[in-house]
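Please treat every number below as a calculation from the coordinates, not as lab data. Owing to the predicted nature of the structure, the values given are computational and were not obtained by experimental measurement. Quick reminder, even Gly has a Cβ in these numbers, built from the backbone with ideal geometry, and neighbours come from all protein chains shown.
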Amino acid sequence: MSIKVARRSSGDFAGLIKEIEQPQVKAVIYFFSVEYERLEVHRALKRAFPQASCIGASMLGGWCTGGAVEKGLVAMSLSSDEVAEAFIALQEGVKQDPALAARKLIEDLKRKSGHRTFDPNSYLGILFFDGLCYGEEIVRRFTFEKGFNLNLVGGAAADEFTFTKTLVSADETCSADGVAVLLMKMNIPFYCNHYVHCIPTATSFVITKADPVKRIVWEIEGQEAATYYAKATGLASPDAITMAHLAQNPLGIVMGDTVYVRSQVGPIEGGGLQFYCYLDEQTRVHLLRRGDIIAHAQKTLEDVGRYLPNVQGALLFNCAFRYLELQELKKVSDFNRVFEHLSFAGFNTYGEEFVTHHNQTLTAVFFGG
């Protein structure tokens with residue numbers, strides 16, 4: 001038995017299922033284009049693997065050993081060799097109250113797992129939630145939950161940049177307003193981390209007025225945020241700000257050698273800047289510049305090799321803005337090839353999760369032998 005992955009650019013569920021089929025499948029993790037909702041991917045996979053815990057999220061393109069997928073379906077199966085036990089739960093209502101949904105989900109997972117103590121060296125959680133909700137509250141609830149000390153990694157579900165509907169699924173339930181977690185007791189070693197290829201510049205400034213709950217920055221250094229950002233990045237006015245410009249000029253919080261990117265949605269009425277992640281007042285942020293995303297991916301594997309020998313597989317949660325960059329540079333296939341010697345799968349997200357809620361980041365879990 002092993003980690004098995006497959007991909008399709010069509011609704012060929014039967015062929016994909018055959019490729020990931022193996023004895024004693026314990027978990028199935030999958031990613032699908034949002035228009036596949038009508039095909040009920042979640043039901044097809046649960047019917048094929050009734051004894052497994054199956055979790056999925058809608059994607060903006062997927063990654064797989066056999067090649068990147070622009071639209072379609074990507075899946076991974078883990079057997080009893082890799083996973084000793086698996087517990088899954090889904091809770092709805094994340095748009096209205098993400099913290100409450102997360103609390104209910106945690107209670108459900110604790111109940112299903114018998115209120116046990118979680119050893120972070122043995123337990124791994126895969127987290128997906130609606131990409132159109134305020135996911136920071138979900139991640140914060142998990143991070144500070146007493147007695148829930150484990151590695152939790154994942155991504156926010158995506159659509160095709162329409163920002164109209166994103167989906168998460170757990171077993172036979174699929175939701176456009178949900179959060180799902182697959183909790184696994186692992187039989188193999190694993191390693192989680194987050195990776196940022198953007199590099200801090202010497203330019204930094206302080207957020208002086210913000211509404212963190214709504215992910216809005218109103219003022220930077222006491223000036224209208226959109227105007228300040230435009231001038232700081234070489235534009236005459238906020239009217240010149242485009243999605244491409246935002247992707248090329250993100251902001252980030254720098255803590256030592258670690259960068260936490262805060263990507264912007266763009267200017268809003270009233271002169272503010274809408275972000276994909278919250279920023280508090282009095283936070284110092286740096287203007288970032290792009291590094292070499294392919295070279296950085298290769299260094300990612302070097303980093304993993306120092307902590308986890310005999311890497312055999314991986315799950316990758318890659319920001320949608322990074323995907324746009326790879327498309328712009330015509331390096332989508334190059335990025336996929338960095339990992340193709342592994343049994344790996346992944347998707348492009350509306351936010352990446354590991355310890356906190358990230359933007360323009362790759363979060364990942366790597367599996368040892």
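Of note:
- Considering all C-alpha pairs of the stretch 67-124, those separated by over 14 Å amount to 70%.
- Hits among lysines - C-alpha to C-alpha of K330 under 18 Å, sequence gap 8 or more where chains match: K71
- Whole-number percent relative contact order across the stretch 199-289, with pairs defined as alpha carbons under 8 Å at least 6 apart: 42 percent
- Solvent-free Debye scattering, log10 I(q)/I(0), computed from the Cα coordinates of the stretch 199-289 at q = 0.11, 0.16 Å⁻¹: -0.25, -0.54
- Nitroxide proxy distance, nm - points 7 Å out along Cα→Cβ at R116 and E35: 4.3 nm
- Cα convex hull, the stretch 144-259: 199 Å³ per residue, rounded to a whole number.
- The stretch 170-234-the stretch 48-90 distance, computed between alpha-carbon centres (Å): 25 Å
- Computed FRET value (nearest 0.05) for H341 with D292, which takes r as the C-beta separation and R₀ as 22 Å: 0.65
- Here the chain carries DSSP beta bridges of which approximately 80% are antiparallel, counting only pairs with both residues inside.
- Computed from the C-beta positions of V254 and E328, the FRET efficiency with R₀ = 25 Å rounds to 0.50.
- Per-residue [θ]222 nm for the chain (sum of -39500 (n - 2.57) over DSSP H runs n ≥ 4, rounded to 500): -6500 deg cm²/dmol
- Relative contact order (%) - the chain, alpha-carbon pairs under 8 angstrom, separation at least six: 21 percent
- Label point at V265 placed 7 Å out along Cα→Cβ; residues across the stretch 142-164 whose backbone nitrogen lies under 11 Å: 163-164
- Exposure proxy ranking, count of Cβ atoms within 10 Å, fewest first, for D239, D171, D211: D239, D211, D171
- Whether the stretch 21-117 is rounded, prolate or oblate, judged on the alpha carbon gyration tensor where a/c under 1.5 counts as rounded: oblate
- Cα-Cα over 18 Å, subset of K18/K112; K18/K46; K4/K165; K95/K214: K18/K112; K4/K165
- Antiparallel DSSP beta bridges within the stretch 103-203, as percent of all bridges there, nearest 5: 60 percent
- Viscosity 1.567 mPa s, temperature 4 °C, Stokes-Einstein D of the chain from Kirkwood C-alpha radius, µm²/s: 63 µm²/s
- Point-to-point label distance, S10-E160, nm (Cα→Cβ direction, 7 Å offset): 1.9 nm
- Bridges between two residues of the stretch 229-369, per DSSP, are antiparallel at a rate of about 75%.
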